[in-house]
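Before any comments, here is the structure.
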Number of protein chains: 2
Amino acid sequence: MQVEIINTGSELMLGFVVNTHQQWLCRQLSDLGFNIERQVAVHDEALAIQQAVREAIQRAELVITTGGLGPTSDDITRDLIAQLFDKPLREDPKIVADIEQFFAQRSRQMPASTRVQAMVPEGGVVLWNNHGTAPGLALPTPRGWLVMLPGPPRELRPMFRDQLVPKLAQWFSTPVPFVCKSLKTTGLGESFLEERIAPTLSGLVAQGLGVGYCARVGEVDVRFTARGDDSAQLVAEAVGVARELLGSHIFSETESDLASVVVGLLTRQNHTVAIAESCTGGYLANRITNVPGASAVFQAGLVTYSNAAKIEFLGVQPSTLEQHGAVSEATASEMALGAQRRTGSTYALALTGIAGPSGGTSEKPVGTVFIGFATPEGVVVHRFLNEYDRETFKFYTSQQALDILRRSILKVAGISLS
Amino acid sequence: MQVEIINTGSELMLGFVVNTHQQWLCRQLSDLGFNIERQVAVHDEALAIQQAVREAIQRAELVITTGGLGPTSDDITRDLIAQLFDKPLREDPKIVADIEQFFAQRSRQMPASTRVQAMVPEGGVVLWNNHGTAPGLALPTPRGWLVMLPGPPRELRPMFRDQLVPKLAQWFSTPVPFVCKSLKTTGLGESFLEERIAPTLSGLVAQGLGVGYCARVGEVDVRFTARGDDSAQLVAEAVGVARELLGSHIFSETESDLASVVVGLLTRQNHTVAIAESCTGGYLANRITNVPGASAVFQAGLVTYSNAAKIEFLGVQPSTLEQHGAVSEATASEMALGAQRRTGSTYALALTGIAGPSGGTSEKPVGTVFIGFATPEGVVVHRFLNEYDRETFKFYTSQQALDILRRSILKVAGISLS
């Protein structure tokens, strides 16, 4: 069974926004066992939308479109698809009432243009929108169903989960068993990682295991997939091989971000961490506080951008800053110890470096970073050279700091490292 | 002239990564005057890739593929396209030398698998990779060119800019003039925004102006496009209408993020800001420090998650926390004043609220936020209800805080607000 996704929106084709729908829908549908064969994005233009839909419904049992159901004049998907299917549009009084209620609840006036969202093509199934005014719509096709979802993610996502998923179960028989597992690793490049595991996995690959690699800055995902009755067994064996050969380079088997993993470890050990950031400017504190429940292990983050702030909030000695500079082993060490002392936390991480694009010297070029790590036993400082653009630099540096903390906790807990 | 983009990668179809290539390439190509008609993503599978390429080269003068040029076994794009075009692959000794040098410079051993990246289809043009080991390749097609770019963004982007752009100028004559301008607004919903400007714009639309809206949480982009000799004039007139009718709801005419706009305003006024964050956990400090040059206006960010940290670093009174709670007008006020006093900054913003998913009460439900704003004249506290998931909550709340600061600076500078 084939699934295709069509994302409509000139803002996509002009590159003004990132298409987050593709990733999200593919993830959800894959987990339900559906195979997404193709995703297409086109302009908000009649010909382009109709051609993409016409092609997709000939190939795929399930076609999902996103966007173009809103109230403004460039929202044309509903009309174009009704036209393509030769189905007249009729106003649905229940949807009109729904939209009126949406505005009444928010004590806001209802713009006249929103009424167009109550139009439903003949034979269409309505997917109610509990987070906005544009309902989704589904129409039968010769091979299966075409589903139109609204563009805003906070409307599309609950609609998909709460309303479309139960309908998919009615419309389509259970797909062939499909198992997909992704392991997140850090500290090994993509080629080295494959060299380490591929020879041992070759027997499983011959039995139908799929192996994929996805390299990003600071981490590589290893992905195992299999289809059919033996799929769970095949993937489990591959995971066993990877665990054996990659050891603690694997930081997550559940697609968790490294920050979630670290918050989880701290929570289990009943330990806390404080963060002192200069070059990463709050990025690491933000990653940690993105994790629900972080408040139990995270006391405070001090984003001390200026020297004055390093002195005022972390007790760094003015003489240290004068003699060694803000980007130095000595400053990183004092920042970490200051954050630990003033918050009373078990651990503290301090990050000071030159994010660029300017500010480098021959001795300390752009990308130079010192990460100070204070534990109950003392403080150590690591030096790195992270030559990336500003935002990648922040991610990569925060990743290194989190991994220093992760490996330290594992070591204290007596878990062997590789 | 038509352009199509084909993104290959099972990690895309399984929803493990977001397709940032589409957005980036579409943005670059649009700015060069190219019209991207269609973007397609498919699995790393022979049939899917070859079918997508076969269709695209029949329709489009320029086809760009991304991904599948790396060293691992799922990198199959180069081979498949050579096969489709019936061109034998030959090893290019200059590329081999390049790859060897890449590893030598980094004092790393060269994995044998990377050598496959030196294979070039007969008649292929090589695009050198200065940031990795996989070169890009270009092949002539009956209608124009097919270009293969590597998957990692930090390899693809400089290769596109430094090597492909000059080639595009050689290969294709100057496209029809195309002007595209996007205005970023905040504080007005999409429908209301259209109601306010559409009637006045209708004359320009009749002359060929395109108008698009893109609504995100906390901001709506209004986009004007035109093609042809009068395009610059048409778009300029539309921008004039929008300025007149939307006033200070427009915060950027250059696609700048609100944080960049605020850093720019502070820099021009020679003013500084400090941030005290609880519920946003460093998100706002991180947005501000993403702006190059932020260090001139940003002293410090205090991520005071715990009550103890609010007392220690901001001087919040324990009695205030006891009587009113951490999420209260009184605490927000003391946090802002404390951050301002201890950093000596002109302004301070303090954010305290309940991000959720848990922690709400009937009096202060999840989503409740107090934003304290300290100026040289005193302090004001705004209360909001931001009912979003955790990460959207952080963005939306930081957006409100930045807009409070922006409007205050505009007012002080004597710029009228609407």
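The values are calculated or read from the model by the stated rules, or taken from the named source; none is laboratory data. A quick note: this is a predicted structure, and the numbers were derived from the prediction, not measured. Positions of Cβ are backbone-derived with ideal geometry, glycine not excepted, and every protein chain shown enters the neighbour counts. These area figures cover heavy atoms from the full protein model, side chains too; ligands, DNA and RNA do not enter into them. Shrake-Rupley method; radii C 1.70, N 1.55, O 1.52, S 1.80 Å.
Plainly put, the tip 7 Å out from Cα toward Cβ on A:Gln269 is 4.5 nm from that tip on each other copy, the closest given first. Computed about its Cα centre, the charge dipole of the stretch B:100-234 is approximately 440 debye, with only Lys, Arg, Asp and Glu carrying charge at their Cβ.
Our summary gives chain A a relative contact order of 10 percent, counting only alpha carbon pairs under 8 angstrom and 6 or more residues apart. Counting, for every residue in A:29-42, the Cβ atoms of other protein chains within 10 Å of its Cβ and taking the mean gives 5. Taking the convex hull of the Cα atoms, report for the stretch A:2-171 its projected area averaged over all directions, in nm². Taking the Cα atoms of the stretch A:2-171, their convex hull projects to 9.4 nm² on average. In percent, rounded to a whole number, the relative contact order of the stretch B:1-88 is 39, using alpha-carbon pairs under 8 Å and six or more apart.
Label-to-label distances for A:Asp162 across copies, nearest first, come out at 5.1 nm, using points 7 Å from Cα in the beta-carbon direction. Pairs of Cα atoms in chain B fall into 10 Å distance bins, from 0 up to the last occupied one, in shares of 4, 18, 21, 20, 19, 13, 4, 0 percent. As a length-normalised measure over Cα pairs under 8 Å and 6 or more apart, the relative contact order of the stretch A:258-412 settles at 24 percent.
Within the set A:Lys167/B:Lys184; B:Lys184/B:Lys411; A:Lys364/B:Lys411; A:Lys87/A:Lys181; A:Lys310/A:Lys364; A:Lys364/B:Lys310, which residue pairs have Cα atoms separated by over 31 Å?
Too far apart for the 31 Å limit: A:Lys167/B:Lys184; A:Lys364/B:Lys411; A:Lys87/A:Lys181; A:Lys364/B:Lys310.
For the set A:Lys411, A:Lys184, A:Lys310, solvent exposure ranked by accessible area (probe 1.4 Å, protein chains only) runs largest to smallest as A:Lys411, A:Lys184, A:Lys310.
Do any GluC sites (Glu not before Pro) in the stretch B:113-200 lie in a DSSP loop with no more than 13 other beta carbon atoms within 10 Å, and if so, which? Sites meeting the loop and neighbour criteria: B:Glu122.
Against the criterion of solvent-accessible heavy-atom surface with a 1.4 angstrom probe, A:Met119, A:Met13 sort, most first, into A:Met119, A:Met13.
Ordering B:Trp145, B:Trp128 by accessible surface, largest first, gives B:Trp128, B:Trp145; the 1.4 Å probe counts only protein heavy atoms, with every chain in place.
Report D for the protein assembly as shown in µm² per second (integer): Stokes-Einstein, Kirkwood Rh on Cα pairs, 37 °C, 0.692 mPa s. Reported coefficient: 114 µm²/s. Think of it as helices only: each DSSP H run of n ≥ 4 in the protein assembly as shown is worth -39500 (n - 2.57), and spread over all residues that comes to -12500 deg cm²/dmol at 222 nm.
The B-A contact accounts for roughly 7300 square angstrom of buried accessible surface, both chains included, probe 1.4 angstrom. Given q = 0.16 Å⁻¹, what are the Debye log10 I(q)/I(0) values for the stretch B:189-281, with equal point scatterers placed on the Cα positions and solvent ignored? Per q value, in the given order, log10 I(q)/I(0) is -0.77. Solvent exposure of A:Asp44, expressed as accessible area, is near 30 Å², computed with a probe of 1.4 Å over the protein chains only. In straight-distance terms, cross-link reach from A:Lys94 covers every one of the aspartates and glutamates whose alpha-carbon lies under 18 Å from its own, apart from those fewer than eight places away in the same chain; here that gives A:Glu122.
Neighbours of B:Ala242 by Cβ distance under 15 Å: Lys/Arg scored +1, Asp/Glu scored -1, total -4. Computed about its Cα centre, the charge dipole of the stretch B:2-171 is approximately 360 debye, with only Lys, Arg, Asp and Glu carrying charge at their Cβ. Distance from the alpha carbon centroid of the stretch B:1-50 to that of the stretch B:125-146 works out to 16 angstrom.
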